[in-house]
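Q: Once you've had a glance at the structure underneath, I'll fire off some questions.
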Amino acid sequence: MNPESVKPERKPEWLRIKLPAVTDYSYIKEYLSEFNLHTICESGKCPNIAECWEQKTATFMILGNSCTRNCRFCAVSKSKPLPPDQEEPEKLAEVIKKIKLKHCVLTSVTRDDLFDGGAGIWHDTITAIKRKNPGITIEALIPDFNGNQQSLDRVIEAKPDIISHNLETVRRLTPKIRIKAKYQLSLDVLKHIAGSGITSKSGIMLGLGETPEEVFETMDDLIANDCRIITIGQYLQPSKENHPVEKYYSPAEFEQIRSIALGKGFSFAESGPLVRSSYHAIKHVSNR
């Protein structure tokens, strides 16, 4: 995978975002402002925000927009969060109804300050969305809940179509990049999800300093823990305070990695420079 890599001093052409012709996303921003809701699209500085919002899709972030962890890859605000908004589940379900989504992706900041990690709000949000939006499919991109199985089961009880939890990086780099999160704990979370009968999914970023062998070992670890959907994208440094980019992978390298992932047994693999865990997520439901 090395010959086509690009030195990190400059961002390659394939990472230069071309905005779609339609750039009026005011209807989504108005709803978010009206109901005091958040998306990871904005908070995480996602490079696909224009494409996704043009298609009336968004990944909603519940439990506020301040995280209790300080991962070195992440652009989300790190500060003491406000108490959960108990009305958030109903408000978000109503916004999704107004936008007329057919598939919804939910994520959240990590709330280590809450006794259940926010699992109760997760459960109520999924339930409310289903009630107000019959026929909708839902992916829940969850934190690790510190491995608390009661919290995990609370989310599972709401029966989203997919539950995803991202490894983010390889085992060796996890203490450096994810700080508090633990590689094996994340694998245990994915194993527990799969054991419930709900499809589990995970994602990793490339360009943090991993080796090809470590990427393949990570794939093997995911397969061994019954994860069958994987997303693989290029890490982009959101600010000077975040971990620097060690390498830019080429589109050809990402395609090669995708082929290897499918060969290892994943039922679906999304791999590309701009791929994020919720990118084209509606396809993942039909490829469970």
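Just so you know, all these numbers are worked out from the coordinates, no wet-lab data involved. Please read all numbers here as calculations on a predicted model, not as lab measurements. With ideal geometry, Cβ positions are generated from the backbone for all residues, glycine too; neighbour counts draw on all protein chains shown.
Q: Based on other C-beta atoms within 10 Å, arrange Leu236, Leu141 from fewest to most.
A: Going from least to most buried by this count: Leu236, Leu141.
Q: Return the sequence-ordered ³J(HN,Hα) values of the range 209-220 in whole Hz as given by the Karplus equation 6.51 cos²θ - 1.76 cosθ + 1.60 applied to θ = phi - 60°, using x for Gly and Pro.
A: x, 6, 9, x, 4, 5, 4, 5, 5, 5, 4, 4
Q: At what distance in angstrom do the alpha carbon centres of the range 181-223 and the range 114-128 lie from each other?
A: 23 Å
Q: Additional query: Could you list which residues have their amide H under 5 Å from that of Leu141, counting only those 5 or more apart in sequence or on another chain, with H placed in the peptide plane?
A: Leu106, Thr107, Ser164
Q: Let me ask another. Fewest to most neighbouring Cβ within 10 Å: what's the order for Thr169, Thr218, Thr127, Thr174?
A: Thr127, Thr174, Thr218, Thr169
Q: Would you order Tyr183, Tyr235 from fewest to most other beta-carbon atoms within 10 Å of each residue's own beta-carbon? Walk me through the intermediate numbers first.
A: Numbers: Tyr183 19, Tyr235 24.
Taking fewest neighbouring Cβ atoms as first place, the list is Tyr183, Tyr235.
Q: Here's a follow-up. For the range 160-288, give the magnitude of the charge dipole about the Cα centre (Cβ charges: +1 Lys/Arg, -1 Asp/Glu; no others), in debye to the nearest 20.
A: 300 debye
Q: Right, another one. If the only charges are +1 at each Lys and Arg Cβ and -1 at each Asp and Glu Cβ, what is the size of the charge dipole of the range 55-196 around the Cα centre, to the nearest 20 debye? List each step's numbers first, then the result.
A: Values: 23 positive and 16 negative charges, 119 e Å.
Roughly 580 debye, rounded to the nearest 20.
Q: Output the pairs from Lys180/Lys201; Lys102/Lys201; Lys80/Lys247; Lys132/Lys191; Lys11/Lys100; Lys97/Lys264 with a Cα-Cα distance over 28 Å in this structure; if there are none, say none.
A: Over 28 Å apart, Cα to Cα: Lys80/Lys247; Lys132/Lys191; Lys11/Lys100; Lys97/Lys264.
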